[in-house]
1. Out of the range 171-182, which residues are under 16 Å from residue 107 (Cα atoms) and surrounded by 13 or more Cβ atoms within 10 Å (Cβ to Cβ)?
2. Based on this model, can you work out whether residue 141 counts as closer than 30 Å to residue 24 by Cα, surrounded by fewer than 16 Cβ atoms within 10 Å (Cβ to Cβ), within 17 Å of the chain's Cα centre (by Cα) and modelled with pLDDT of 90 or more?
3. Got at least one residue in the range 58-70 being under 16 Å from residue 126 (Cα atoms) and either exposed (fewer than 15 other Cβ atoms within 10 Å of the Cβ) or modelled with pLDDT under 85 (or both)?
4. Suppose we filter the range 33-51 for residues that are surrounded by 13 or more Cβ atoms within 10 Å (Cβ to Cβ), free of Cβ contacts under 8 Å to residues at least 60 places away in the same chain, within 18 Å of the chain's Cα centre (by Cα) and closer than 19 Å to residue 144 by Cβ; how many remain?
5. Sort out which residues of the range 151-170 are buried (at least 19 other Cβ atoms within 10 Å of the Cβ) and within 12 Å of the chain's Cα centre (by Cα), and write them in order of number.
6. Please verify whether residue 82 is loosely packed, with under 14 Cβ neighbours inside 10 Å, closer than 22 Å to residue 219 by Cβ and at pLDDT 90 or above, treating the condition exactly as stated.
7. Hey, could you check the range 1-32 for residues that are without any contact (Cβ under 8 Å) to a residue 40 or more places away in the chain, under 30 Å from residue 59 (Cβ atoms) and touching a helix residue (DSSP H, G or I) at 6+ places or on another chain (Cβ under 7 Å) and say which is surrounded by the fewest Cβ atoms within 10 Å (Cβ to Cβ)?
8. Every residue in the range 157-186 that is assigned to a helix (DSSP H, G or I) and touching a helix residue (DSSP H, G or I) at 6+ places or on another chain (Cβ under 6 Å), please.
């Protein structure tokens, strides 16, 4: 369990340190943009692999007795997680590491009107849903690390972009929100469901279905648990 804790801290900490404004800019100036991204990716993959290995070896000690309904929460939350992840990776998303190419005159993609950090929220929903379904300490450290990194990392990126004063980002901030649906509820933007793209919705549902079918084969646990 101690190794899992250290792996989780390394996973979160390395991302946050390398994304810090002064450190990030210094490394980019020394290495160049693409070499920096390569180093960042290698460290991310290495720490994540360590986290997965430590989680696999950690004992399962239940924190509390979970209601059976909690084990089915992923069935609902993963629908939204799948859609956010597909939506975020199929647009010119200025919050992504590479796809910072939303032109100033472009219409804001529909998914960004829900949240300008769709992939981050997709990962967070994935993590939270699996924390509800797995109430042991190892799972809470593992999935909790993913949740913290997704939300803290997304917020950190949001603040960094704001500090950089990029005109495209300022336009995006004016019509969108980091918190899902906040801009829509406040009236700062409107959304026609067709702006999301029916093919993206279908692709998100396809990803959800594939995850359901592959869960027991890959993880060894049914995605639809039955009561004892």
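The values are calculated or read from the model by the stated rules, or taken from the named source; none is laboratory data. Since the model is a prediction, treat every value here as computed from it, not as a measurement. Every residue, glycine among them, receives a Cβ derived from its backbone with ideal geometry; neighbour counts consider all protein chains shown.
1. To start, the set of residues in the range 171-182 that are under 16 Å from residue 107 (Cα atoms) comprises 171-177.
The answer is 171, 172, 173, 175, 176, 177.
2. Details: closer than 30 Å to residue 24 by Cα: yes; surrounded by fewer than 16 Cβ atoms within 10 Å (Cβ to Cβ): no; within 17 Å of the chain's Cα centre (by Cα): yes; modelled with pLDDT of 90 or more: yes.
Spelling it out, it is not the case that residue 141 is closer than 30 Å to residue 24 by Cα, surrounded by fewer than 16 Cβ atoms within 10 Å (Cβ to Cβ), within 17 Å of the chain's Cα centre (by Cα) and modelled with pLDDT of 90 or more.
3. So in the range 58-70, the residues under 16 Å from residue 126 (Cα atoms) come out as 70.
Checking which are either exposed (fewer than 15 other Cβ atoms within 10 Å of the Cβ) or modelled with pLDDT under 85 (or both) leaves us with 70.
Within the range 58-70 (the criterion being under 16 Å from residue 126 (Cα atoms) and either exposed (fewer than 15 other Cβ atoms within 10 Å of the Cβ) or modelled with pLDDT under 85 (or both)), the answer is yes, since at least one residue qualifies.
4. Result for the range 33-51: 3.
5. 154
6. Working: loosely packed, with under 14 Cβ neighbours inside 10 Å: no; closer than 22 Å to residue 219 by Cβ: yes; at pLDDT 90 or above: yes.
In short, no.
7. Among them, the one singled out is 17.
8. If we filter the range 157-186 for residues that are assigned to a helix (DSSP H, G or I), which is where we start, we get 157-164, 167-175, 182-186.
Those that are assigned to a helix (DSSP H, G or I) and touching a helix residue (DSSP H, G or I) at 6+ places or on another chain (Cβ under 6 Å): 160, 161, 169.
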